[in-house]
Amino acid sequence: MPAYDYRCPVCGYTEERVLSFIDVLDVGDVCPECSYAVLKRVYHPVAVSFKGGGFYRTDSRTARKTTKVE
């Protein structure tokens with residue numbers, strides 16, 4: 001099951017939760033530190049790196065030879 005980070009927008013309290021995909025929709029807990037705000041999910045950028053050939057249209061094609069017509 002995936003782990004998700006949740007943060008309080010008021011006091012900054014952060015916690016990590018391991019939830020199933022169905023449980024993610026039902027999260028609406030009040031912050032245990034300040035008891036004021038509802039915890040919001042923190043979204044992190046995905047680390048993707050493309051290495052090697054085959055990611056561009058030109059990688060799989062051979063170079064065209066141009067002939068000059070006079």
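Kindly provide the set of residues from segment 16-61 that are of a type outside the set (A, V, I, L, M), over 15 Å from residue 4 (Cα atoms) and at pLDDT 85 or above, ordered by number.
31, 32, 33, 34, 35
Looking at segment 1-23 only, could you name the residues that are assigned to a strand (DSSP E or B) and either of a type in the set (Lys, Arg) or under 10 Å from residue 40 (Cα atoms) (or both)?
5, 6, 7, 14, 17
The values are calculated or read from the model by the stated rules, or taken from the named source; none is laboratory data. Keep in mind it's a predicted model, so treat the numbers as computed, not measured.
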